[in-house]
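Engineer: The structure is given below, and queries will be raised subsequently.
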Amino acid sequence: VKKQSLEERLSEEDFSPAEIEGIENLLRQAPAPHVRPAHQAQVLNAMTSLLPQPETRLERLQAGYPVQLLYSQIRILRREIWQASALVLALGLLATLALPAANPAGTDFFLFSALAPLVAAVGVALLYSDISRSMLEIEAATRTTGPVLLLARLTLVFGFNLTFGLAGSVVLVFFFNGISLAPLILSWLAPMTFLCGLAFFLSIATSDSLLASGISLLLWLVHLLLRNLDGAEIWLQWVALPGLSQPSSRPLLMLSGSLLVAAALWLLDVRLHRERNLL
Amino acid sequence: MGSDETLAAGVQQGNQASMQALVERYYEPLLRFSFWLSGGNQAQAEDMVQETFLRMMRGIGGYDPARPFKPWLYAIAEHIAFNQVQQAKARPLLDLPDETAYPDHFPQPEEQAERGEARQFVVTELGQLPLRQREVIELFYYEDLPQKEIAEILGIPLGTVKSRLSFGLKQLRARMEVKR
């Protein structure tokens, strides 16, 4: 819309030049208020008390979308996942400490290292089944997408197990002489990442959390049972998947775990897109 | 000094200099706007300006810096002015400033006498206009705002702004003709 002057506006309204001049004179003569600097200072002073306090970096972080999303999901996730994970890992840690004979000196593989990936994988496998039926409704009711929501939940469960695992490792290093923290952490972190990725992918691909956790669990148990079999049949050595706990394959395990998560989220996105189109 | 929107964003972050700059920029125009709508009452206009700025501070968190600041601020001012004027039953414009309150500002008695009559006439004429027409004329002429922005400030369609402006100006013309 073109900005008009009063004169243009009045001309449009069929005011005569004399009338235009009259109106303009009238408006020009209108009394103006007096600007009192004292009042202006008083206003400024009153406003200062209402000035928002500058946010600290921590406050900005807390108010950010990722933190808010994670916080919202903590309260929604099944309480049993937290409780079962904490209980099993705590018991595993106690058992490891109570049975030093089961942990030969010099090794970096403990009972605790065997339990951490297992617990995490089972917890992760349950994530999708909880919301799979209401994913579209959740998407419609919130500003987030299904894959992002599931990624937030995965982050929480994985993060919880990771924290527990780190704390447990510190305790083990404290009690067992000659054990280094970094190799100990890597001994469970690499298989945990892979098994979580696998369980997560399978839970979405099959839409069956029991099957997903069962396959991951079986894979890990078979590996644990057969990993120390020397001179076994070649096929048995293959079934044992020795790479799951070999230090040299840890980077590959972590990478493939991350890729499985990415593939699972992509799969979910494709599925939701198809469902949306059907509606 | 940045744009209004940048300064408002600064206020949101708790920047005192931005707040000061906005007050310096808008104190006088808002005072004029309030003065005009309050019927030339200096004290009431000052109260309205103070209330406008305080409400601005309380609501600054909800302001979106991607949108123009001026209509947002004037919408607050207009809301306050309209409520106050309505409450005071649109006090007649003859309620001129209490000159004894600001003795240093007002002209000397001789000068005042010369100007008094003319001003009284203007004040009376403008005061006869309905408040809704008065505010549109004020924003259009004194605040030099485009009609589209006036529509945003008042929360009315552009066509309504045009018609109020038209009726207001025609009414002024009619009153001037009667005077003659």
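Engineer: Which condition from (1) over 20 Å from A:Ser5 (Cβ atoms); (2) part of a helix (DSSP H, G or I) is the one that B:Glu138 breaks?
Structural biologist: (1)
Engineer: Output the residues belonging to segment B:134-176 that are under 29 Å from B:Arg25 (Cα atoms) and either touching a His at 6+ places or on another chain (Cβ under 6 Å) or of a type in the set (Phe, Trp, Tyr) (or both). I'd like the intermediate steps shown before the answer.
Structural biologist: To start, the set of residues in segment B:134-176 that are under 29 Å from B:Arg25 (Cα atoms) comprises B:134-158, B:160-162, B:164-165, B:168-169.
Scanning segment B:134-176 gives B:Phe140, B:Tyr141, B:Tyr142.
Engineer: Also, I was wondering about something else. Could you check segment B:17-66 and list, in sequence order, the residues that are of a type in the set (Asp, Glu) and without any contact (Cβ under 8 Å) to a residue 24 or more places away in the chain? Reasoning before the result, please.
Structural biologist: Initial filter on segment B:17-66 (of a type in the set (Asp, Glu)): B:24, B:28, B:46-47, B:51, B:64.
Within segment B:17-66, B:Glu24, B:Glu28, B:Glu46, B:Asp64 meet the criteria.
Engineer: I've got another one for you. With the requirement that a residue be crowded, with 16+ Cβ neighbours inside 10 Å and assigned to a loop (DSSP other than H, G, I, E, B), what does segment A:132-168 give you?
Structural biologist: A:Thr144, A:Thr145
Engineer: List the pairs whose first member sits in segment A:61-76 and is over 23 Å from A:Val124 (Cα atoms) and surrounded by 12 or more Cβ atoms within 10 Å (Cβ to Cβ), whose second member is among the aromatic types (Phe, Trp, Tyr) and modelled with pLDDT of 85 or more, and whose Cβ atoms are under 9 Å apart, counting only residues at least 6 apart or on separate chains?
Structural biologist: A:Gln62/A:Tyr71
Engineer: To continue, here is another question. Go through the residues of segment B:116-131 one by one and say whether even a single one is more than 11 Å from every other protein chain (Cβ to nearest Cβ), at pLDDT 65 or above, outside any loop (DSSP other than H, G, I, E, B) and touching a helix residue (DSSP H, G or I) at 6+ places or on another chain (Cβ under 8 Å).
Structural biologist: Yes; the residues of segment B:116-131 include at least one that is more than 11 Å from every other protein chain (Cβ to nearest Cβ), at pLDDT 65 or above, outside any loop (DSSP other than H, G, I, E, B) and touching a helix residue (DSSP H, G or I) at 6+ places or on another chain (Cβ under 8 Å).
Engineer: Check whether at least one residue in segment B:15-23 is part of a helix (DSSP H, G or I), of a type in the set (Ser, Thr, Tyr) and modelled with pLDDT of 90 or more, and report yes or no. Give the derivation first.
Structural biologist: Taking segment B:15-23 as the starting set, the residues that turn out to be part of a helix (DSSP H, G or I) are B:16-23.
Among the residues that remain, those that are also of a type in the set (Ser, Thr, Tyr) are: B:18.
Still in the list and also modelled with pLDDT of 90 or more: B:18.
Yes, that holds for at least one residue.
Engineer: May I ask you to verify whether A:Ser5 is out of contact with any Leu (no Cβ under 6 Å at 6 or more places or on another chain), away from chain B (no Cβ under 14 Å) and exposed (fewer than 14 other Cβ atoms within 10 Å of the Cβ)?
Structural biologist: Numbers: out of contact with any Leu (no Cβ under 6 Å at 6 or more places or on another chain): yes; away from chain B (no Cβ under 14 Å): no; exposed (fewer than 14 other Cβ atoms within 10 Å of the Cβ): yes.
The answer is no for A:Ser5.
Engineer: Inside segment A:8-53, can you point out the residues that are part of a helix (DSSP H, G or I), within 60 Å of the chain's Cα centre (by Cα) and exposed (fewer than 15 other Cβ atoms within 10 Å of the Cβ)? I'd like the intermediate steps shown before the answer.
Structural biologist: Filtering segment A:8-53 down to residues part of a helix (DSSP H, G or I) leaves A:8-12, A:17-29, A:37-48.
Then drop every residue that is not within 60 Å of the chain's Cα centre (by Cα), which leaves A:9, A:37-48.
Passing the criteria: A:Pro37, A:Ala38, A:Ala41, A:Gln42, A:Asn45, A:Ala46, A:Thr48.
Engineer: Turning to a different aspect of this structure: Restricting to segment B:39-68, and then to whatever is surrounded by 22 or more Cβ atoms within 10 Å (Cβ to Cβ) and either touching an Asp or Glu at 6+ places or on another chain (Cβ under 8 Å) or of a type in the set (D, E, K, R) (or both), can you tell me which residue is farthest from A:Ala41 (Cα to Cα)?
Structural biologist: B:Gly39
Engineer: Take the residues in segment B:138-160 that are touching a Phe, Trp or Tyr at 6+ places or on another chain (Cβ under 8 Å) and without any contact (Cβ under 8 Å) to a residue 60 or more places away in the chain; name whichever of them is surrounded by the fewest Cβ atoms within 10 Å (Cβ to Cβ).
Structural biologist: B:Gln147
Engineer: Can you pull out the residues in segment B:25-71 that are of a type outside the set (A, V, I, L, M, F, W, C) and within 7 Å of chain A (Cβ to nearest Cβ)? Before the answer, list the steps.
Structural biologist: Quick first cut of segment B:25-71, residues of a type outside the set (A, V, I, L, M, F, W, C) only: B:25-29, B:32, B:34, B:38-42, B:44, B:46-47, B:50-52, B:55, B:58-59, B:61-65, B:67-68, B:70-71.
Those that are of a type outside the set (A, V, I, L, M, F, W, C) and within 7 Å of chain A (Cβ to nearest Cβ): B:Tyr27, B:Glu28, B:Arg32, B:Gly40, B:Gln42, B:Glu46, B:Gln50, B:Arg58, B:Gly61.
Engineer: Moving on. If I filter segment B:80-89 for residues that are modelled with pLDDT of 90 or more, out of contact with any Phe, Trp or Tyr (no Cβ under 7 Å at 6 or more places or on another chain) and not hydroxyl-bearing (Ser, Thr, Tyr), do I get at least one hit? Lay out the reasoning, then the answer.
Structural biologist: So the first thing to find is which residues in segment B:80-89 are modelled with pLDDT of 90 or more, and the list is B:80.
With the extra rule that they be out of contact with any Phe, Trp or Tyr (no Cβ under 7 Å at 6 or more places or on another chain), the set shrinks to B:80.
When the remaining residues are screened for being not hydroxyl-bearing (Ser, Thr, Tyr), the result is B:80.
Yes, some residue in segment B:80-89 is modelled with pLDDT of 90 or more, out of contact with any Phe, Trp or Tyr (no Cβ under 7 Å at 6 or more places or on another chain) and not hydroxyl-bearing (Ser, Thr, Tyr).
Engineer: Here is a further query. If only one of A:Ala38, A:Ala46, A:Ala32 is more than 7 Å from chain B (Cβ to nearest Cβ) and at pLDDT 80 or above, which one is it? Show your work before the answer.
Structural biologist: Values: A:Ala46 fails: more than 7 Å from chain B (Cβ to nearest Cβ); A:Ala32 fails: more than 7 Å from chain B (Cβ to nearest Cβ).
On inspection, the qualifying residue turns out to be A:Ala38.
Engineer: Tell me, yes or no, whether segment A:181-199 has at least one residue that is touching a Cys at 6+ places or on another chain (Cβ under 9 Å) and within 25 Å of A:Val122 (Cβ to Cβ).
Structural biologist: Start the filter on segment A:181-199 by keeping residues that are touching a Cys at 6+ places or on another chain (Cβ under 9 Å), which leaves none.
Looking through segment A:181-199, none of the residues is touching a Cys at 6+ places or on another chain (Cβ under 9 Å) and within 25 Å of A:Val122 (Cβ to Cβ).
Engineer: In segment A:151-200, how many are without any contact (Cβ under 8 Å) to a residue 60 or more places away in the chain and of a type in the set (Ser, Thr, Tyr)?
Structural biologist: Final tally of qualifying residues: 2.
Engineer: On the given criteria, is A:Leu93 touching a Phe, Trp or Tyr at 6+ places or on another chain (Cβ under 8 Å) and not hydroxyl-bearing (Ser, Thr, Tyr)? Full working, then the answer.
Structural biologist: Numbers: touching a Phe, Trp or Tyr at 6+ places or on another chain (Cβ under 8 Å): yes; not hydroxyl-bearing (Ser, Thr, Tyr): yes.
Spelling it out, A:Leu93 is indeed touching a Phe, Trp or Tyr at 6+ places or on another chain (Cβ under 8 Å) and not hydroxyl-bearing (Ser, Thr, Tyr).
Engineer: Given (1) in a helix (DSSP H, G or I); (2) away from chain B (no Cβ under 14 Å); (3) modelled with pLDDT under 85, identify the lone condition not met by A:Arg60.
Structural biologist: In the conditions (1) in a helix (DSSP H, G or I); (2) away from chain B (no Cβ under 14 Å); (3) modelled with pLDDT under 85, A:Arg60 misses (2) alone.
Engineer: A further question follows. What is the number of the single condition among (1) surrounded by fewer than 19 Cβ atoms within 10 Å (Cβ to Cβ); (2) touching a helix residue (DSSP H, G or I) at 6+ places or on another chain (Cβ under 8 Å); (3) modelled with pLDDT of 90 or more that A:Ile204 does not meet?
Structural biologist: Checking A:Ile204 against (1) surrounded by fewer than 19 Cβ atoms within 10 Å (Cβ to Cβ); (2) touching a helix residue (DSSP H, G or I) at 6+ places or on another chain (Cβ under 8 Å); (3) modelled with pLDDT of 90 or more, the one that fails is (1).
The values are calculated or read from the model by the stated rules, or taken from the named source; none is laboratory data. The structure presented is a predicted model; accordingly, all values stated were derived computationally and were not measured. For neighbour counting, all protein chains shown are included, and Cβ atoms are generated from backbone atoms with ideal geometry for every residue, glycine included.
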